[in-house]
Amino acid sequence: MNTKGAGHRMDRTHDTAAFFTADGDGLLPGEDARSWWSPDALHGRLLGGLLARALEREHHAEGLHFARLTVDLFRTCPFAPVRVTTERIRDGRRIRVADAVVHGANGAVARASAVLLRRGEQPAGEVPATPDWDAPPPEEIAPVRHGMPWNFWQFDGDNRPVTSWRGVAVRRAWLRDEADLVAGESLSPFTRVALAADTSSPMSHRSDDDLEFINADYTLTLARLPLSDAIGFQATAHSSEDGVAAGHCTLYDTAGPIGYSMTTALANSRRS
């Protein structure tokens with residue numbers, strides 16, 4: 001399978017309604033795009049996906065790899081059409097930097113900065129690396145049913161399926177999106193993992209009882225693009241004090257580790 005191009009497409013997602021429909025320069029949200037924090041807002045993970053989509057469409061080139069994506073979610077986005085603008089900040093021989101902004105009905109609501117690095121010869125020296133994990137493929141684990149257009153399989157360090165994180169020392173999960181981000185467009189590997197990376201916040205910050213932190217950002221770093229449409233997570237760190245949290249997850253595909261996602265979050269009780 002080709003891992004060299006960020007434009008490589010995976011299998012089309014299923015017949016589930018897309019999160020957005022393109023309308024000129026705008027994107028119209030579907031019902032499944034609503035936030036789980038507030039029904040009058042867009043889901044934050046989708047904003048990260050839209051930013052990644054725009055950056056890939058406008059700034060990817062052959063031989064360049066999206067090595068880092070930082071997404072800032074600094075304002076609630078109303079459930080209304082949005083548009084995305086991008087700007088190339090730096091274009092060197094081995095590095096390209098580009099920014100993107102999501103504009104909602106209330107102005108700029110999220111932004112992203114991407115670093116693209118040129119692929120080259122791999123050094124011969126041995127460096128201690130993140131080990132492969134022994135997680136079974138998602139089809140061998142019972143998924144958590146939550147009524148959303150993505151499948152989520154959560155399990156513990158012994159690969160036993162769990163329905164909550166209560167008493168679980170090692171948190172692991174697979175996530176697979178089942179809906180197109182924008183109608184008529186297959187998810188690229190980069191957009192798919194950017195959509196998934198927001199999940200590092202509930203993976204690392206959720207308590208035994210509930211998710212009581214809302215993330216302000218996440219930074220995705222990738223050594224390579226995912227080969228599978230399922231993205232794996234293992235929560236590897238959480239620290240919090242005075243209502244501010246920092247968390248970290250290692251990301252996998254079915255072939256092994258691909259990178260990391262780090263997130264900061266604020267204490268926030270869920271709203272009905």
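The values are calculated or read from the model by the stated rules, or taken from the named source; none is laboratory data. If you're wondering where the values come from, they're calculated on a predicted model, not measured in any experiment. When we count neighbours, we look across all protein chains shown, and the Cβ atoms used for this are built from the backbone with ideal geometry, even at glycine. Keep in mind that these areas ignore ligands, DNA and RNA; they rest on the heavy atoms of the full protein, side chains included. Shrake-Rupley method; radii C 1.70, N 1.55, O 1.52, S 1.80 Å.
In segment 239-272, the residue that is nearest to Ala169 (Cα to Cα) out of those that are open to solvent by less than 60 Å² (accessible area, probe 1.4 Å) and touching a Pro at 6+ places or on another chain (Cβ under 8 Å) is Thr250.
Quick one: which residue in Val102, Val170, Val82, Val71 is under 22 Å from the mean Cα position of the chain (by Cα), touching a residue at least 40 places away in the same chain (Cβ under 8 Å), over 23 Å from Gly49 (Cβ atoms) and open to solvent by less than 80 Å² (accessible area, probe 1.4 Å)?
Details: Val102 fails: over 23 Å from Gly49 (Cβ atoms); Val82 fails: over 23 Å from Gly49 (Cβ atoms); Val71 fails: over 23 Å from Gly49 (Cβ atoms).
None of the other options fit; the residue is Val170.
In a residue-by-residue description of segment 43-65, the property of being open to solvent by 50 Å² or more (accessible area, probe 1.4 Å), among the hydrophobic types (A, V, I, L, M, F, W, C) and either under 26 Å from Ser228 (Cα atoms) or at pLDDT below 95 (or both) applies to no position. Checked across segment 138-149, the condition of being out of contact with any His (no Cβ under 9 Å at 6 or more places or on another chain), assigned to a strand (DSSP E or B) and of a type outside the set (Lys, Arg) holds for at least one residue.
Taken over segment 228-258, the criterion of being hydrophobic (A, V, I, L, M, F, W, C), in a strand (DSSP E or B) and touching a residue at least 60 places away in the same chain (Cβ under 8 Å) is satisfied by Phe233, Ala235, Ile258. For segment 44-63, the criterion of being assigned to a strand (DSSP E or B) and within 20 Å of the chain's Cα centre (by Cα) is satisfied by no residue at all.
Return a yes/no flag: does segment 39-51 have any residue that is under 11 Å from Val84 (Cβ atoms) and free of Cβ contacts under 8 Å to residues at least 60 places away in the same chain. Checked against the condition, which is being under 11 Å from Val84 (Cβ atoms) and free of Cβ contacts under 8 Å to residues at least 60 places away in the same chain, segment 39-51 yields no hits at all. Which residue out of Ala98, Ala108 is outside any loop (DSSP other than H, G, I, E, B), modelled with pLDDT of 95 or more and under 24 Å from Ile214 (Cα atoms)? Of Ala98, Ala108, the one residue that is outside any loop (DSSP other than H, G, I, E, B), modelled with pLDDT of 95 or more and under 24 Å from Ile214 (Cα atoms) is Ala108.
Tell me which residues, restricted to segment 129-150, are open to solvent by less than 80 Å² (accessible area, probe 1.4 Å) and either without any contact (Cβ under 8 Å) to a residue 40 or more places away in the chain or over 19 Å from the mean Cα position of the chain (by Cα) (or both). So that I can check it myself, show each step before the final result.
Looking only at segment 129-150, we keep the residues that are open to solvent by less than 80 Å² (accessible area, probe 1.4 Å), and these are 130, 133, 135-138, 141-144, 146-150.
Hits for segment 129-150 are Thr130, Trp133, Ala135, Pro136, Pro137, Ile141, Ala142, Pro143, Val144, His146, Gly147, Trp150.
Considering Glu126, Glu185, which residue is farther than 24 Å from His238 by Cβ and open to solvent by 70 Å² or more (accessible area, probe 1.4 Å)? Give the derivation first.
Details: Glu185 fails: open to solvent by 70 Å² or more (accessible area, probe 1.4 Å).
When all the criteria are applied, what remains is Glu126.
No other residue among Leu195, Leu187, Leu225 is touching an Asp or Glu at 6+ places or on another chain (Cβ under 9 Å) and in a helix (DSSP H, G or I) apart from Leu195.
Candidates are the residues of segment 202-238 that are open to solvent by 40 Å² or more (accessible area, probe 1.4 Å) and of a type in the set (D, E, K, R); the one that is modelled with the lowest pLDDT is Asp209.
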